[in-house]
Amino acid sequence: MKRPVVLIVGGSRGIGAATARLAAQAGYDVAISFKRDAKAAAEVVATATAAGARAIAIQADAVSESEIERMFDDASAALGAISHVVHSAGIVGKNSRLDHASAETIREVIDVNLFGGLLCARAAARRMSRANGGEGGAIVLISSVAAVTGAPNEYVCYAAAKAGIEAATRGLAREVAKEGVRVNCLRPGTTATDIHEPGRLDRVTPLLPMGRPGQPDEIAAGIMFLMSPAASYVNGAVLTVSGGI
């Protein structure tokens, strides 16, 4: 039986890595992309392989159009047609009020989270849409509760980028719905990953409704649902997994 193939953009750490592990356990073959941390990527691949999956890691800059296209082509060449795509690459930049943020920080945050996300979603739709000769599938983009709260005094530019991802989810979902592709978004709350500046997680944890941050596997479980046949009529949705934020 043919196994589904998932490409996880930014799959070497955090939520992306947790999704890769769960996907391998659930019967997917797995491609992950990484920018710098080859060791972390290799560990994810080893774990996925041990679970019975075919798995590869692809080094690529997920903001570069040419490298994104190569990443998709390399994943397909190694594992077959991609049936699922998760865009999990993200940064928050240096925490500050917006009026203290540098133009460089704002640009980088928008590029990685929104521009790169749009390019990856475009690449996925071009390959997966039945109107383009694809076999259909599911795309999951990753947002943040910051898109709702605005993240004042910390990273308004990140919040703006993630709000853009949610808008893109709704629009793209309507464009490709009749072409066999579902597009959804997962909106995590505060999660215990290395995306936070040192000390931030300890500072905000007492303020969280459940008194603890989410774990990457808890967020990944929501992504797995959105990818799965159980979500066959879920399209253009934003699923919040936030512990009550």
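Points to keep in mind about this one:
- Yes/no for residue 202 being surrounded by fewer than 21 Cβ atoms within 10 Å (Cβ to Cβ), assigned to a helix (DSSP H, G or I), over 14 Å from the mean Cα position of the chain (by Cα) and not β-branched (Val, Ile, Thr): yes
- Subset of the stretch 182-199 [farther than 17 Å from residue 149 by Cα and basic (Lys, Arg)]: 182
- Filtering the stretch 152-204 to residues that are in contact with a Gly (Cβ under 9 Å, 6 or more places away or on another chain) and free of Cβ contacts under 8 Å to residues at least 12 places away in the same chain leaves only 171.
- Of the helices (runs of 4 or more DSSP H) contained entirely in the stretch 4-101, those carrying at least 2 residues that are more than 18 Å from the chain's Cα centre (by Cα) fall at 38-50, 65-79.
- Complete set of residues in the stretch 222-231 that are assigned to a helix (DSSP H, G or I), more than 13 Å from the chain's Cα centre (by Cα) and surrounded by 13 or more Cβ atoms within 10 Å (Cβ to Cβ): 225, 231
- Residue 219 being outside any strand (DSSP E or B) and in contact with a strand residue (DSSP E or B) (Cβ under 8 Å, 6 or more places away or on another chain): yes
- Filtering the stretch 129-147 for residues that are among the small types (Gly, Ala, Ser), surrounded by fewer than 22 Cβ atoms within 10 Å (Cβ to Cβ), on the phi < 0 side of the Ramachandran plot and modelled with pLDDT under 95 leaves an empty set.
- Filter pass, residue 234 being out of contact with any strand residue (DSSP E or B) (no Cβ under 9 Å at 6 or more places or on another chain) and not in a strand (DSSP E or B): no
- Among the residues making up the stretch 205-216, those that are in contact (Cβ under 8 Å) with a residue 12 or more places away in the chain and either among the basic types (Lys, Arg) or assigned to a helix (DSSP H, G or I) (or both) are 205, 212, 216.
- Residue within the stretch 174-188 that is more than 20 Å from residue 5 (Cα to Cα), assigned to a loop (DSSP other than H, G, I, E, B) and not β-branched (Val, Ile, Thr) present: no
- Subset of the stretch 132-173 that is part of a strand (DSSP E or B) and among the small types (Gly, Ala, Ser) - its residue that is farthest from residue 81 (Cα to Cα): 138
The values are calculated or read from the model by the stated rules, or taken from the named source; none is laboratory data. Nothing here was measured: the structure is a model prediction, and the numbers come from that model. All Cβ positions, glycine included, derive from the backbone under ideal geometry; neighbour counts span all protein chains shown.
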